[in-house]
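**Student:** Have a look at the structure that comes next, please.
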Amino acid sequence: NDHGEDERRELVDRPQHPGLAGVLRTINEFSPFIFAVVIPLAYPFMVPLGLHWPINAIMLLNIQTLGYDFIQGPMGAWNFACFGATAGVLVLAMREKDVAMRQTATGALAAGLLGGISEPSLYGIHLRFKKIYSRLLPGCLVGGLIIGFGGGLKTSAFVFTSLLTIPAFSNIPLYVAAIMAAFFTSMLLVIFLDY
């Protein structure tokens, strides 16, 4: 009958999200607020282990099946908290005339702000000093809270979260507020509490 055919067509056409993709989507649908806080707090532990790469595939899957992705906005809070901590290290290195650290931090900060790449900051600085994560995580939390209170973010493009990709997000003022807060929280904590 026609009703059975419509049901089969709906099942075939409905985007399927198996495994981790389904779990992330379920959390986001249940509470975009929780999702926006959990993602930036998880990334600092996932990236050093390379566990963020499968999430990139899920972002692409989301764009293909849903027409948008909801992970990259909260991920931006993590990235900019990371870059903020690096900026704080750069300020201290310049103040202390530490040439080697100034060069490392300058390169890492440029790669982050312009390319959205966190690995130079992580491997060049953050994983070398025990105090960095306690300065970095509050920035992740603040950025995530802003995104969560704002109702979450979406993008229809796969981008590395940098200054150059800000226009890719659906609610640009919310995104800018979140990444600025994440950046300056981590930066100021490093400057005032050292690394």
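**Student:** Charges at C-beta only: +1 for Lys and Arg, -1 for Asp and Glu. How large is the resulting dipole of the chain about its Cα centre, in Debye rounded to 20?
**Tutor:** Dipole of the chain, to the nearest 20 debye: 940 debye.
**Student:** For a Förster distance of 22 Å, can you work out the FRET efficiency between the beta-carbons of GLU119 and VAL91, rounded to the nearest 0.05?
**Tutor:** 0.55
**Student:** Can you give the FRET efficiency to the nearest 0.05 for LYS131 and ALA157, using r as the Cβ-Cβ distance and R₀ = 41 Å?
**Tutor:** For R0 = 41 Å, the calculated efficiency reads 0.70.
**Student:** Another question about this same structure. Over the alpha-carbon set of the range 34-75, divide Rg by the Kirkwood Rh and report the Rg/Rh ratio to two decimals.
**Tutor:** 0.99
**Student:** Still on this structure, please answer the following. Using DSSP H assignments, which helices in the chain have an axial alpha-carbon span of 27 Å or above and a mean Kyte-Doolittle hydropathy of 0.0 or higher?
**Tutor:** Qualifying helices, which must be both long enough and hydrophobic enough, are 72-96, 172-193.
**Student:** Please turn the phi angles of the range 158-170 into ³J(HN,Hα) values with the Karplus equation 6.51 cos²θ - 1.76 cosθ + 1.60 (θ = phi - 60°), one per residue in order, whole Hz, x for glycine and proline.
**Tutor:** My calculation for the range 158-170 gives 8, 9, 8, 6, 9, 4, 6, 9, 3, x, 6, 9, 5 Hz in order.
**Student:** At a Förster radius of 25 Å, what calculated FRET efficiency corresponds to the Cβ-Cβ distance of ILE27 and ALA177, to the nearest 0.05?
**Tutor:** 0.65
**Student:** Take each of the peptides 125-134, 176-185, average the number of other beta-carbon atoms within 10 Å over its residues, and list them starting from the highest.
**Tutor:** In descending order of packing, they fall as 176-185, 125-134.
**Student:** Taking amide H atoms as placed 1.01 Å from N in the peptide plane, list the residues 5 or more away in sequence, or in a different chain, whose amide H sits under 5 Å from that of ILE71.
**Tutor:** Here the answer is none, since no amide H 5 or more places off falls under 5 Å of that of ILE71.
**Student:** Based solely on its DSSP helices, what 222 nm [θ] is calculated for the chain when runs of n ≥ 4 H residues each add -39,500 (n - 2.57) and the sum is averaged over all residues, nearest 500 deg cm²/dmol?
**Tutor:** -24000 deg cm²/dmol
**Student:** Follow-up question, since we're still on this one. Looking only at LEU141, LEU122, LEU66, which one moves most when the chain is put into a Gaussian network model with springs between Cα atoms under 10 Å?
**Tutor:** LEU66
**Student:** Now, a different point. What percent of all Cα-Cα pairs in the range 72-195 falls into each 5 Å bin, going from 0 up to the bin containing the maximum distance?
**Tutor:** 2, 14, 24, 24, 18, 11, 6, 2, 0
Rule-based calculations on the coordinates, nothing more; no lab input. Since we're looking at a predicted model, the values are computed, not measured. Counting neighbours? That spans all protein chains shown, and the Cβs are built from the backbone with ideal geometry, glycine included.
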